[in-house]
Amino acid sequence: MIFKKKYSTLLSPKLATHLISIRHKIHQYPELSLEEIKTTALIKAECSKLNCAYIKDLSPTGLIGCIKGSNPTLKPIALRADMDALPIQEETTLKYKSTIAGKMHACGHDMHSAWLLATLHLLNKYQPKQDVIFIFQPAEEISVGANIVLKTNYLQNVTEIYGGHVDLNYQVGEFVVHDGYISATSTIYNLKLTGKSSHIARPEEGQSPLPALAEIIPMLTTLTEKAPHSTEPIILGLGTIHAGTANNISPESVTVEGSIRSLSEENKNYIINEFKKHAKAIGKNHNLQVELNFTSSSPAILNNQKTNKKVKECLTKEFGKKSCVALKRPNLAGEDFGYYAQQIPATFIRIGARNKNGLIIPAHNPKFTLDDDTLFAAALAFFAIAK
């Protein structure tokens, strides 16, 4: 663990070991979005050991605080980590695996919280020039946490904000600082087709929505082909289908839910409009009532050129020229850090976290694990940016 060793020389081996134990404890006791009560309390207790200008609770969960800089004339910057877990049953063999049935840190937010805490310890000993506001954000997985933070007045003077996410596609010590979109806009859709139920032996007495569904599904796979920005990746994904109550009843309705992922607003709006047009036409042909709703989940993150330049310079100086690597493929995951990036110059970094066995287990998978040394690589990176 080369980065743990480097971190230990700056602070202490005892603290480095303690920070790993904090990360493991958060992993053992995962809490879902807006339920991060114990996680918030644990982090707050750890932050109280630091010389913070203030530590404030967010509502209903989460934490925001400030490490004072040496030059009060400089505008503050912000660092953000998310805290919430996912409703997944863990299937790892980790000694610190989740103790809560049906809940797991399968996206690395336990690591994100731990690396921000580790960064604060560095900033606490080696005072930055400007104030550094730190955000332990709740509810990223349901895309409401960022707006909870933004509705406070704590970020009103912030001129730069930085965040990151673990990525097993990259080695520990590799950082993706992408010039352009680093995450996608996420829009949830809900389609309900309603007809008339009947005995399955007498379908002529009803109006089943299932034949229409058989047309809807292939339509979903073709709508993206004529999107205006044809070179951009775009997904119109199908997540759930719910229909029927018994094997001898032709169902009255069917509900389809999924997500649209795109980089540009133009592509997203094109898909929404085409989806509406085709769904209504199919429903009309089958004499069905059509309800189609779209809910914006999170905006795409477009990294700022100025903050990107700063990050690349800091990381290259800290870790060497080969530390900043190219994005291997477009990332169409949603991330509510995009709300910050809409208001504040921002850079969001993909942070290498691959385990030494080389396995790449995708996020949101019950077998998802991370290399512990990621904690210190990320902490040193954010410290280099913030100091």
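The values are calculated or read from the model by the stated rules, or taken from the named source; none is laboratory data. Computed from a predicted structure; not experimentally measured. Don't worry about glycine lacking a Cβ; one is built from the backbone with ideal geometry, like all the others, and counts go over all protein chains shown. Note: accessible area is taken over every heavy atom of the protein model, side chains too, but ligands, DNA and RNA are not part of it. Shrake-Rupley method; radii C 1.70, N 1.55, O 1.52, S 1.80 Å.
Inspection of the range 39-51 finds no residue satisfying the criterion of being outside any helix (DSSP H, G or I), under 18 Å from His112 (Cα atoms) and either open to solvent by less than 20 Å² (accessible area, probe 1.4 Å) or not β-branched (Val, Ile, Thr) (or both). With respect to Thr295, determine if the residue is at pLDDT 95 or above, in a strand (DSSP E or B) and of a type in the set (S, T, N, Q). Against the criterion (at pLDDT 95 or above, in a strand (DSSP E or B) and of a type in the set (S, T, N, Q)), Thr295 does not qualify. Restricting attention to the range 63-86, the residues that are buried (at least 24 other Cβ atoms within 10 Å of the Cβ), farther than 15 Å from Cys52 by Cα and in contact with a Leu (Cβ under 9 Å, 6 or more places away or on another chain) total 5.
Flag: Tyr189 matches the condition of being surrounded by 16 or more Cβ atoms within 10 Å (Cβ to Cβ) and modelled with pLDDT of 95 or more. For the range 301-322, residues that are open to solvent by less than 20 Å² (accessible area, probe 1.4 Å) and either within 22 Å of the chain's Cα centre (by Cα) or under 26 Å from Pro233 (Cα atoms) (or both) total 5. Taken over the range 339-348, the criterion of being surrounded by 23 or more Cβ atoms within 10 Å (Cβ to Cβ) and touching a helix residue (DSSP H, G or I) at 6+ places or on another chain (Cβ under 7 Å) is satisfied by Tyr340, Ala346, Thr347, Phe348. Once the range 114-173 is narrowed to residues that are assigned to a strand (DSSP E or B) and charged (D, E, K, R), the residue that is least open to solvent (accessible area, probe 1.4 Å) is Asp167.
Matching residues to (1) closer than 30 Å to Arg350 by Cβ; (2) at pLDDT below 95; (3) among the β-branched types (Val, Ile, Thr); (4) open to solvent by less than 70 Å² (accessible area, probe 1.4 Å):
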position: Glu215; (1), (2), (3), (4): no, no, no, no
position: Thr231; (1), (2), (3), (4): yes, yes, yes, no
position: Ile241; (1), (2), (3), (4): no, no, yes, no
position: Ala246; (1), (2), (3), (4): no, no, no, yes
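Taking the numbered list (1) outside any strand (DSSP E or B); (2) open to solvent by less than 70 Å² (accessible area, probe 1.4 Å); (3) not aromatic (Phe, Trp, Tyr) in turn, Glu225 passes all entries but (2).
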